[in-house]
Amino acid sequence: PEPEPEPEPEPEPILNYEIDGSWSIITINGQYGFNENETLANVILENGYSDINNLRIVGIGYNSTWNDFIFNYNSGNGGKPNKLHIENISLITSTINDYAIYSRDTLTTLKNVTIKGYSGNQNETGGGAMRIRNADYRNDDISHNNNNPTISNVLIENCCRGIRLQDCYNAYISDCSVIDVTDNAYYFASGTYNSSAGCYNCIFINCISIT
């Protein structure tokens, strides 16, 4: 008899979740988030993530994208891990009037990330690319500087706000580009709206803005 054909290999999952020590790691290989259940909130729920762990979100392969991504410390989309790191991925939307990333009391870092479309439609002012609040990078186990930037090589397009740091310490942001935003591209903010408070020892360097 003819031999049975070999079964087709299972396709590689687009999203993978694993725990490595104190880190919960989400990897994206391809295009994710185009089905309504493909949200960070659902990934957290399905995998039992707790913000007692740090969280790393990394794209692998070519053109890894998470559509309609939201990390928000206050809405079941991530909580307040000690550390949040996002790398090698595009976060895009055409519908969300909010921040892609809104963290609080979390040492948030980004590398090689593209963020497009958040509060990017006409008259949308609810968010933008990111709002990093109360992050004290003095508490990190490595110094943030030119050799270890907090945020580097991030491209932001067609959002309301670009990179907003609020009441942070020792952040080092380098080599970023912000294009076509309707509010500030880069700014250090004070939660009290008082110029005597806000961010301390923070720097933007080699960053550009194009309107």
Accessible area of the range 1-125 divided out per residue, in Å², using a probe of 1.4 angstrom = 54 Å²
Taking only protein heavy atoms into account and a 1.4 Å probe, give the accessible area per residue of the range 146-207 in Å².
-> 46 Å²
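Taking Cα pairs under 8 Å and at least six residues apart, what relative contact order does the chain come out at, in percent?
13 percent
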When we measure straight from the Cα of Lys80, which aspartates and glutamates land under 19 angstrom away, once same-chain ones fewer than 8 places off are left out?
-> Glu18, Asp20, Glu46, Asp51, Asp98, Asp105, Asp136, Asp140, Asp141, Asp167
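Could you tell me which of rounded, prolate or oblate describes the range 155-211, using a ≥ b ≥ c as the square roots of the eigenvalues of the alpha-carbon gyration tensor, with rounded for a/c under 1.5 and, failing that, prolate when a/b is larger than b/c and oblate otherwise?
Taking the square roots of the gyration eigenvalues as a ≥ b ≥ c, the range 155-211 is oblate.
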Give the shape of the range 68-132 as rounded, prolate or oblate, defined through the alpha-carbon gyration tensor: a ≥ b ≥ c are the square roots of its eigenvalues, a/c under 1.5 means rounded, and otherwise the shape is prolate if a/b is larger than b/c and oblate if not.
-> oblate
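Please report the carbon-and-sulfur percent of the accessible area for the chain; probe 1.4 Å, protein heavy atoms only, DNA, RNA and ligands left out. Kindly include the intermediate steps, with their values, before the conclusion.
On the way: 4820 of 10910 Å².
The nonpolar share, carbon plus sulfur, comes to 44 percent.
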Any residue on another chain or 5+ positions along whose placed amide H is under 5 Å from the amide H of Thr114 is listed here as Ile89, Ser90, Leu91, Leu155
Return the label of the correct value of Kirkwood radius over Cα pairs in Å, as calculated from the structure shown, out of (1) 17.7; (2) 18.8; (3) 20.4.
-> (1)
Go through the range 118-124 residue by residue and turn each phi into a ³J(HN,Hα) via Karplus (6.51, -1.76, 1.60, θ = phi - 60°); whole Hz please, and just put x for glycine and proline.
-> 6, 6, x, 8, 4, 6, 8
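The values are calculated or read from the model by the stated rules, or taken from the named source; none is laboratory data. The shown structure was predicted, so the numbers you read here are calculated from the model rather than taken from an experiment. For the accessible areas, the whole protein counts, side chains as well, though only heavy atoms, and no ligand, DNA or RNA atoms are used. Shrake-Rupley method; radii C 1.70, N 1.55, O 1.52, S 1.80 Å.
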